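Please treat every number below as a calculation from the coordinates, not as lab data. The model shown is predicted, which means the values in this text are computed figures rather than measured ones. Ideal geometry is used to build each Cβ from the backbone, glycine not excepted, and the neighbour counts take in all protein chains shown.
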Amino acid sequence: MKKTLLTLVLAISSVAIFAQQDAMFTHYMFNTLSVNSGYAGSRDALTITGLHRSQWVGFDGAPTTQTLTLHSPVYNENLGAGLSIVNDKIGPTNNTSIYGDFAYKIKINDKAKLAFGLKAGLSIRKSGLTDLSLNTQNDQSFFSDQESMLLPNFGFGMYYSEDRYYVGLSIPKLLKNDFSTNETAGGTNLASEERHYFLIAGAVFDINQDFKIKPTTLVKLTTGAPLEADLTAALLYKDKVWGGLMYRTGDAIGLLIGMHLNDQLALGYSYDWSYGNRTFQYNGGSHEIMLMYDLIYKDKSKIRSPRYF
């Protein structure tokens, strides 16, 4: 069993190396700053969002991810700044990213804004090989943990928004950092970061006086992996409570529920079930918890309410 687990962890890691490396979220619509720096300051308040994801519950070595983002307008309504922290653990490998986000907004008209964002920071990557249980003892390859690697990077994003819809394009990491100093005979690095391209979009439509529907999408593209899209439709009741369905192409379906506890605090939960790979036979699905707080520090009468995005 231990040998099987190690094989699966290495298989997951190798897929990540040559395919999609960034963590996935069912609550992606509340985690926009992590992928698009142009979103910084767009909610006209100091917004703090925390998210925890436990993927493939019951499967040893499965991914667990935590994110913390905060952003706010600075100096004036045309400038936004923020901070994005992501901690992602898969088996013995842990990756922590800390990035600053900066956005400059151009007012297109009374309702629309176009923001240009810059993201810059670094990732700290390490592998705790000594934590693994081995069938073959005294294997020198696992006598010590790998040294922490500091991987600086930067990216950019564009974010167009109105009160009832938005669309954005971004590349959060432009540099292709090497994970390993080992090279093949041909001089090709064994592992490196791949660029990820993101398209985000969403809208809100009235159904009647009490109900609205909120469709959103996150489309991801990277080298060595198929195009992947998250498609979500949420039903809002009196702008206070929501519930919806999510479909991730080739991978999972999910359910989201949540509510605004007051004008500033929102809580959400989601569950998704993977159908696109064999791991679904050995796990209890994936769970997420999201908490978002708007610290309104300006004249409350000038803050857009409700804020859908």
Query raised in the report: Straight-line reach from LYS126: which aspartates and glutamates have a Cα under 17 Å away, not including same-chain ones fewer than 8 places off?
Result: ASP22, ASP88, ASP145, GLU147, ASP178, GLU193
Query raised in the report: How would you rank TYR28, TYR275, TYR104, going from fewest to most other Cβ atoms within 10 Å of each one's own Cβ?
Result: TYR275, TYR104, TYR28
Query raised in the report: What list of ³J(HN,Hα) values in whole Hz, one per residue of the range 97-112 in order, does the Karplus curve 6.51 cos²θ - 1.76 cosθ + 1.60 (θ = phi - 60°) give from phi, with Gly and Pro shown as x?
Result: 10, 10, 9, x, 10, 9, 9, 10, 9, 10, 7, 6, 7, 5, 10, 10
Report summary line: Going fewest to most other Cβ atoms within 10 Å around each Cβ, HIS52, HIS27 line up as HIS52, HIS27
Query raised in the report: At what distance in nm do the modelled label points of PHE116 and TYR197 sit from each other, each positioned 7 Å from its Cα along Cα→Cβ?
Result: 2.0 nm
**Report entry** Residue exposure sequence - ASP251, ASP163 - by fewest surrounding Cβ within 10 Å
**Finding:** ASP163, ASP251
Report task. Just list whichever of LYS105/LYS173; LYS113/LYS220; LYS119/LYS212; LYS89/LYS212; LYS89/LYS240 have alpha carbons separated by over 31 Å in the model shown. Result -> LYS119/LYS212; LYS89/LYS212; LYS89/LYS240
Report task. May I ask you to compute the full-extension gain from ILE171 to GLN264, defined as 0.36 nm times their residue separation minus their alpha-carbon distance, rounded to one decimal in nm? Result -> 30.5 nm
**Report entry** Label-point separation, GLU162 to ASN94 (7 Å along Cα→Cβ), nm
**Finding:** 4.7 nm
Report summary line: Using alpha carbon centers only, the range 250-277 is separated from the range 38-105 by a whole-angstrom value of 17 Å
